[in-house]
Protein chains: 2
Amino acid sequence: MRFVPAATLAGMSEKAAPTTTPDASRRSDRSRRAIYESALALVSETGYAKLTIEAIAARAGVGKQTIYRWWPSKGDVVLEAFLDLVQRSAVPPEAGQGASALPDTGDLAADLKLVLRATVDELNEPSYAGPARALAAEGILNPQLGARFLEQALAPGLRLYATRLATARENGEIRAETDVAIATDLLVAPLTYRWLLGTGPLDHTYADALVDQVLGGLRKG
Amino acid sequence: MRFVPAATLAGMSEKAAPTTTPDASRRSDRSRRAIYESALALVSETGYAKLTIEAIAARAGVGKQTIYRWWPSKGDVVLEAFLDLVQRSAVPPEAGQGASALPDTGDLAADLKLVLRATVDELNEPSYAGPARALAAEGILNPQLGARFLEQALAPGLRLYATRLATARENGEIRAETDVAIATDLLVAPLTYRWLLGTGPLDHTYADALVDQVLGGLRKG
């Protein structure tokens with residue numbers, strides 16, 4: 001799924017940026033970027049459990065105190081690096097409406113296909129899939145990280161689906177009795193399932209067929 | 001989901017049971033049972049990555065050569081222990097029809113609710129959830145284990161859904177154009193998603209509402 005809309009993260013990026021002199025700020029930006037990249041590369045390569053602050057610092061070419069000055073723990077730096085990655089890649093221009101809502105052209109099927117196709121592309125992109133799978137796997141075993149991954153990375157995107165579906169329900173495009181939380185699950189869970197467990201192909205054809213089947217239902221009309 | 005029907009595993013249990021004298025066979029059965037229980041308890045407690053054959057042997061009170069005599073690797077013993085667990089717990093008597101098919105009373109909604117409610121109970125059972133989550137998480141990171149987990153633990157159960165849905169399609173209960181692979185995803189992926197990522201409650205009410213929404217569709221008729 002689209003894990004996180006960019007707008008949700010604006011506050012975080014600002015908070016992380018040190019505000020001192022212009023030169024110091026440029027140096028800090030470079031360091032922070034290098035730390036993000038190291039954290040994402042290493043979590044992909046070694047998994048979350050074996051990742052250390054020392055290894056991130058060494059690969060980024062900074063002292064480990066630089067990392068501890070900005071982030072209290074390994075979980076904080078990895079999650080922030082991941083959210084930064086999502087922010088930079090999440091919203092394709094054609095999705096429209098900025099980053100705080102799913103597209104709403106009045107055609108629910110077309111809007112959902114646009115979003116699910118973009119999500120398929122994201123899930124199939126190795127630079128995204130590596131750290132995302134590492135965090136999802138660790139979150140399954142480590143309840144504290146799992147709760148933070150859910151709250152920071154998954155929940156904001158899920159709320160956008162619920163909002164778009166609630167609008168469609170108000171407009172009479174979908175049934176009045178639709179449970180938008182379940183409808184959201186029907187759209188995002190099958191993509192995640194195929195992506196995490198490898199049960200079948202994950203491509204645009206699948207995204208389109210999924211939307212049609214969820215909207216139309218299985219039962220013969 | 002119902003990961004595996006018991007019938008699928010009959011061959012495996014037979015193969016694993018040594019056939020020597022009655023006394024030796026009883027001793028072997030006890031050892032194998034102890035090894036299964038140790039493997040499942042340890043994979044829940046420590047995760048798959050940190051599990052060792054030595055630790056399984058020590059906890060089971062057997063020599064590690066006993067394990068190596070029957071199983072070539074850690075993956076083999078853990079997967080077989082997990083499949084044995086599923087075999088012993090998978091099919092509630094009221095599901096009927098033995099273990100090689102989903103129930104088929106002619107009422108698709110009722111049959112699916114019965115199966116999904118049983119699956120919810122299974123996913124919420126700690127003795128099942130511990131090793132199942134550990135294997136799912138490791139399978140996300142370790143492609144070789146992931147492929148075996150899919151083939152041995154997930155795929156047989158998914159084929160039962162596809163078969164039941166294909167019957168409903170032939171009987172005209174669901175649309176002729178239904179893609180049974182996608183329809184299977186719509187039923188099992190939301191349960192798995194909530195179970196692995198903790199996005200919402202996983203109970204009988206959810207199972208029932210999911211079936212109704214998948215069959216009826218979202219679009220206003």
B:Asp23, A:Asp29 arranged by Cβ crowding within 10 Å, fewest neighbours leading: B:Asp23, A:Asp29
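Taking 8 Å as the Cα distance limit and 6 or more residues as the minimum spacing, I'd like the relative contact order of segment A:6-216 as a percentage.
Value for segment A:6-216: 21 percent.
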Segment A:27-79 and segment A:125-176 have their Cα centres apart by a whole-number Å value of 24 Å
Theoretical FRET efficiency, 1/(1+(r/R0)^6), r = Cβ-Cβ of B:Leu150 and A:Ala58, R0 41 Å, to 0.05: 0.70
Quick one: how many lysine pairs does the protein assembly as shown have with C-alpha atoms less than 17 Å apart and a gap of 8 or more or different chains? Give me the count, please. 8
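Tell me, what is the Rg over Rh of segment B:179-221, with Rh the Kirkwood radius over Cα pairs? Let's see the in-between values first.
On the way: Rg = 11.1 Å, Rh = 11.1 Å.
Rounded to two decimals, Rg over Rh is 1.00.
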Tilt, helix A:155-170 to longest principal axis of chain A (alpha-carbon atoms), in degrees rounded to tens, equals 20 degrees
Relative contact order (percent, whole number), segment A:101-170, Cα cutoff 8 Å, 6+ residue spacing: 34 percent
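For A:Thr199, B:Thr163, what ranking results if the residue with the fewest other Cβ atoms within 10 Å of its Cβ goes first? Please list the in-between numbers first.
On the way: A:Thr199 20, B:Thr163 16.
Lowest count first: B:Thr163, A:Thr199.
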With N set to the residue count of segment A:6-216, report its C-alpha Rg divided by 2.2 N^0.38 Å to two decimal places. 1.12
Cα atoms only, segment B:120-215: Rg and Dmax in Å? 14.8, 42
Within 10 Å of the Cβ of an average residue in B:140-148, the count of other chain Cβ atoms is 3
Inter-copy separations for A:Arg33, label at 7 Å along Cα-Cβ, nm, ascending: 6.4
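Where Rh denotes the Kirkwood radius from the mean inverse Cα pair distance, what is Rg over Rh for the protein assembly as shown?
1.01
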Taking R0 as 35 Å, what FRET efficiency do you get between B:Tyr68 and B:Glu125 from their Cβ-Cβ distance, rounded to the nearest 0.05? 0.70
Sort B:Leu108, B:Leu165 by Cβ crowding within 10 Å, fewest neighbours at the top. B:Leu108, B:Leu165
Looking at the axis that maps chain B onto chain A, which chain B residue has the closest Cβ, and how far off is it in Å, rounded to a whole number? B:Gly217, 1
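Each reported figure results from applying straightforward, stated rules to the coordinates on display, with no laboratory input. Note that the structure is a prediction, hence the values are computed from the model and not measured. Backbone-built Cβ (ideal geometry, glycine too); neighbour counts: all protein chains shown.
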